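The structure appears right after this line, and notes come after that.
The values are calculated or read from the model by the stated rules, or taken from the named source; none is laboratory data. These figures come from a predicted structure and were not determined experimentally. Cβ: placed from backbone, ideal geometry, glycine included. Neighbour counts: every protein chain shown. Accessible surface is based on the protein model in full, side chains and every heavy atom, while ligands, DNA and RNA are left aside. Shrake-Rupley method; radii C 1.70, N 1.55, O 1.52, S 1.80 Å.
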2 protein chains.
Amino acid sequence: MPAPTLRSLARELGLSRTTVSDALCGSLRVKAATAERVRAAAKAAGYERNPLTGAVMSQLRRSRTQQFRGVLAAVELVEDVRSGIAVRYNSALLAGISERASQLGFNVERFVVGPQGVRIKRLDTILHTRGIQGVVLLPASGFPDLTALDWNRYTAVYTDYFIDHPPLHCVCSDHYRSMIALLRDLHERGYRRPGLFMEIPLSERLQYRWEGAFLAVQNAVPDISAVPTLRLQEITRSSFEAWFRKYNPDVVIGHSPEAVTWMKSTGARLPKTHGFVCLNVLRTNGNCATLDLQTAELGARAAELVVGQLLHNELGIPTQPSLTTIPARLIDGPTLRSAPRQRSPRHQSTSSIPPSIDSSRPLSLQEA
Amino acid sequence: MPAPTLRSLARELGLSRTTVSDALCGSLRVKAATAERVRAAAKAAGYERNPLTGAVMSQLRRSRTQQFRGVLAAVELVEDVRSGIAVRYNSALLAGISERASQLGFNVERFVVGPQGVRIKRLDTILHTRGIQGVVLLPASGFPDLTALDWNRYTAVYTDYFIDHPPLHCVCSDHYRSMIALLRDLHERGYRRPGLFMEIPLSERLQYRWEGAFLAVQNAVPDISAVPTLRLQEITRSSFEAWFRKYNPDVVIGHSPEAVTWMKSTGARLPKTHGFVCLNVLRTNGNCATLDLQTAELGARAAELVVGQLLHNELGIPTQPSLTTIPARLIDGPTLRSAPRQRSPRHQSTSSIPPSIDSSRPLSLQEA
DNA sequence: CGAAGAAAAAATGACTGTCAGAATTTTCCG
DNA sequence: CGGAAAATTCTGACAGTCATTTTTTCTTCG
């Protein structure tokens, strides 16, 4: 027996499609007794309305001429004042979401939840009345709690490493693999004493992924020296310079591009004697080598995930949340020396070449 | 002038809706000349297909009629003799793939490529003549090369960390996060000197993810002692016992369950004095605590990805390959002591609790 | 009491793109 | 040229909505 539809239900009851539809939506145009009869029959037959089709039809009927499309909500949770980086990151993400969503037939609308925007309960009402079912959550500081939403109505993706209230699918940059790939690239360029500096709050937010990869390579590759990581609540000029003088790394990796100035003040000449790579392109002004976290691609993937689930009418919280990641891309810059033009076969066969960032070669240290 | 629709375009051209639709989708059912004419007219009229309606209609039409949608190929690349673990892992994966695929209306057929099976070129022919478009690649040793297939005809997912020939979407267990979560759980149970042993080939295959997470936590959490990792091409009884005696870890983490015997022979009593966790449930016999890598769920997710792309007619190599991961689940066992029943609020507020494996709490070491 | 008019309730039609299968046209070969 | 096979095109049904139209019920007053 095929799944009951609005029409089959109407036939059964000797009514028209519209009357059944209106009755189930609680419209006042239908007599109370009839509405009751319809609801009972729908329940008995196990009728389930197809929400996506409903949304499409509604928009189609409403706007005859203009191009009708579905709507995704891009939700930002702003608890307090945010850094410029966070704002730029989120808007880059939003751009990626919007573009891909548009290709898939959806418009994107931004909603802000928090002191500067609406309350969560209010958001639930807005989304419901607007018939919005797809939600992309932009990264929030701390550990966001959105359990107040009625999740049976929505399908959502969080664009950060982890959300537990509720546990949703996540999309995020692959910091671990990006660091491995970066170290491989630096190794190919001849650097042997990479040094990492990192703010503790950021490190914890990413579950130490930058450091974890860094430490693993230091530990596993014999000809990379073990420069200790400079790990502080906040990186200051004096602490950086002391660390830099003491361990003299030949290439420095970290988030603050000011490190270039600090390095130069201690006598380093970039890229001749030392190198520098910034871990986030959004912090730079195009004057140093850096990692592009591919924010737009992340947004695109998030949009794809949400739309994919919507099209299959998969609403609610997933049984097994997953994490989807995309590796970063190295943007070369004047703070790095270039790789030797031709690599000898002997060089290729050594056991100590970290995986390359452009994924054009195997990722093991052992060449295949 | 209202936006052109499929029907208005068809009227204009003196064709039927279907012909126009097929022509724009590049179906081979339409004569080349007609298709060209339709495409030109569509472009001139500024027609834009509504992807939302298309998806709804497709789903509708399909669900009404056929119950069987197609076949997925599960491809194994077997170069040489494989370990029992690898065989068990792949068959668990295959079970997960088959089950989810079946729910989605697909059957799964297994193909073996290599000396024991068919050649890659032959696989291409088989898949083509059978009309199979969806492919799940099971993990292969080394770095598989499948560029010989005509990728315009297929959509595929690789069930391991990385494939570059061609670069496809991947689905894999989240070893990094699983290790962080495991260490958090062990910390809650009171262990403070975790020790890790690891075979180098395995470590490199996973890009040191087990070790990376382990090192990062050792480095970041003050009250966890830095027991050096036992890192060898092959773990032997004598090397293990020497390492165990020298550093005396209070809980040992690694792949070989034989370590339990080795620990006992040096005087350890489990779980009273020492603990042990195996990193892969497939290696155990249910007699020790271990990690379930959730193989079936991985297979399910892989099947979902492939089917999702198939239903949207997205064939070929993705523009930006992504990695989808699922965290492992800790299976408790007689080799671990249990966590203290009640945790004091003071305990919760310390800064040194590694994230829990069941994702029921924030993943930073800092509690929110 | 009954007929006109108003109000309430229910039905109709049109709208999107897709796909299986039917219908039509073209090609091919003896 | 006949007839089968292949290539091409067309038909119909399908989802839920809502402005509009039709049908039914109710009210009111000569």
Legend entry - Overall Cα dimensions of the protein assembly as shown - principal axes, largest extent first, Å: 84, 63, 60
Legend entry - For segment B:307-318, 3J(HN,Hα) per residue [Karplus equation, 6.51 cos²θ - 1.76 cosθ + 1.60, θ = phi - 60°, Hz, x = Gly/Pro]: 4, x, 5, 4, 5, 9, 6, 9, 9, x, 8, x
Inset, instruction - Distance between Cα centroids, segment A:271-338 to segment A:98-113: provide it in whole Å. - result: 19 Å
Legend entry - Bridge type composition, the protein assembly as shown - antiparallel percent by DSSP, nearest 5: 15 percent
Legend entry - 3J(HN,Hα) from dihedral phi, segment A:213-228, Karplus parametrisation 6.51/-1.76/1.60, rounded to Hz, x for glycine, proline: 5, 4, 4, 4, 5, 3, 6, 9, 9, x, 8, 10, 6, 8, 6, x
Inset, instruction - Along Cα-to-Cβ, 7 Å out, sits the label point; list in nm, shortest first, how far the one on A:Thr319 is from those in the other copies. - result: 3.3
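What does the structure give for B:298-306 when I average, per residue, the other chain Cβ atoms found within 10 Å of the residue Cβ?
Across the residues of B:298-306, the mean count of other-chain Cβ atoms within 10 Å is 2.
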Inset, instruction - Would you please give the FRET efficiency between A:Phe143 and B:Leu315, computed as 1/(1 + (r/R0)^6) with r the Cβ-Cβ distance and R0 = 25 Å, to the nearest 0.05? - result: 0.05
Legend entry - Helical contribution to [θ] at 222 nm, DSSP H n ≥ 4, -39,500 (n - 2.57), averaged over chain A, rounded to 500: -12000 deg cm²/dmol
Inset, instruction - Take every residue in peptide A:172-181, count the Cβ atoms of other chains within 10 Å of its Cβ, and give the average of those counts. - result: 3
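Just the accessible area per residue of segment B:6-49, please: how many Å² with a 1.4 Å probe?
The answer is 69 Å² per residue.
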Inset, instruction - Work out from phi, with θ = phi - 60° and the Karplus expression 6.51 cos²θ - 1.76 cosθ + 1.60, the ³J(HN,Hα) of each residue of segment B:260-272, listed in order in whole Hz, and give x for Gly and Pro. - result: 4, 4, 4, 4, 4, 5, 8, x, 6, 10, 9, x, 5
Legend entry - Sequence-distant residues sharing a close amide H with B:Leu77 (under 5 Å, placed H): B:Val113, B:Leu138
Inset, instruction - Would you mind checking which residues have amide H under 5 Å from A:Leu72's amide H? H placed 1.01 Å from N; only 5 or more apart, or other chain. - result: A:Asn107, A:Val108, A:Glu109
Legend entry - Scattering curve values for segment B:120-233, log₁₀ I(q)/I(0), Debye with Cα scatterers, q = 0.16, 0.20 Å⁻¹: -0.79, -1.02
Legend entry - Acute angle (nearest 10 degrees) that the helix A:84-103 long axis makes with the longest principal axis of chain A, alpha-carbon atoms: 50 degrees
Inset, instruction - Along Cα-to-Cβ, 7 Å out, sits the label point; list in nm, shortest first, how far the one on A:Thr34 is from those in the other copies. - result: 4.4
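Let me know the longest stretch in chain A that avoids all trypsin sites (Lys or Arg not before Pro) found in a DSSP loop with at most 10 other C-beta atoms within 10 Å.
The longest such stretch corresponds to A:65-268.
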Inset, instruction - Put a label point 7 Å from Cα along the Cβ direction on A:Arg82, then list its distances to the equivalent points in the other copies in nm, shortest first. - result: 4.4
Inset, instruction - Within a 10 angstrom radius of each residue's Cβ in B:199-205, how many Cβ atoms of other chains show up on average? Whole number is fine. - result: 3
Legend entry - Efficiency of FRET from Cβ geometry, A:Ser239 and A:Ser83, R₀ 22 Å, rounded to 0.05: 0.60
Inset, instruction - Tally up the carbon and sulfur contribution to the accessible surface of segment B:6-49 as a whole percent, 1.4 Å probe, everything protein left in place. - result: 50 percent
Legend entry - chain A - Rg (one decimal) and Dmax (whole number), Cα, Å: 26.8, 89
